[in-house]
1. For D47 and A98, what is the calculated FRET efficiency with R₀ set at 22 Å and r taken between the beta-carbons, to the nearest 0.05?
2. Which percent of Cα pairs goes in each bin when the distances of segment 97-153 are cut into 10 angstrom slices starting at zero?
3. ³J(HN,Hα) across segment 27-42 via Karplus (A = 6.51, B = -1.76, C = 1.60, θ = phi - 60°), whole Hz, x for Gly/Pro?
4. Report ³J(HN,Hα) in whole Hz for each residue of segment 57-63, in order, from the Karplus equation J = 6.51 cos²θ - 1.76 cosθ + 1.60 where θ = phi - 60°; Gly and Pro get x.
5. What does the net charge come to around A69 if you take all other residues with beta carbon closer than 11 Å to its beta carbon, with K and R at +1 and D and E at -1?
6. Find out how many positive minus negative residues lie around T90, taking Lys and Arg as positive, Asp and Glu as negative, among other residues whose Cβ is under 11 Å from that of T90.
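What follows draws every value from the coordinates through simple rules; no lab data is involved. No experiment lies behind these values; they were computed from the predicted model shown. Please note: Cβ atoms are built from the backbone with ideal geometry, for glycine as well, and neighbour counts cover all protein chains shown.
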Amino acid sequence: MINRIKALLNTPGGTSLEAASRHGFADLQVAAAALLVEAAEMDASFDQREKAKILDLVRTRFDLSETEAESLVELARQEVVDASQLYGFTRVVKDHFAHEERVEMLEMLWQVVYADGEMHDHEANLMRRIAGLIFVSDRECGSARKRALSKLGMAQ
């Protein structure tokens, strides 16, 4: 019983990432994918463009097959539903990614935010919160946004 309580306290938003291990995914992979899913769902619409962008990003970043990427995203979606806050996910990213990788994570998040062609106020707020929680400066976050827009072929 004590171990279960410790597990709940040491995971994002009080959820259990034991499922990640059972599926062969590291906590970092699930946390990063969960942040991407959270960004996609922030405007109350998780459309196919956003899902396709997330699948592409996790497949590339973590060198996954298409099936593995889909499993990771589905697991991340469940973690987001079960989580009550972002802190757990951002803590894992902050603790396991080097600074440059955290900036890259923000660039990935910006690509998801703009995958549907526009940014909503809730998405902008989420990006500010995540940047602060993973200790990335506003300037670096802005640069990551510009790179993401460039990769998506959108005007800055």
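1. Working from the Cβ atoms, E equals 0.10.
2. Spelled out per bin, shortest first, that is 26, 60, 14.
3. 3, 4, 4, 5, 4, 5, 5, 5, 5, 5, 5, 4, 4, 5, 8, 4
4. Coupling constants for segment 57-63: 5, 6, 4, 6, 5, 10, 6 Hz.
5. Details: positive: K51, R59, R61; negative: D56, D63, E66, E68, E70, E74.
Neighbour charge sum, excluding A69 itself: -3.
6. +2
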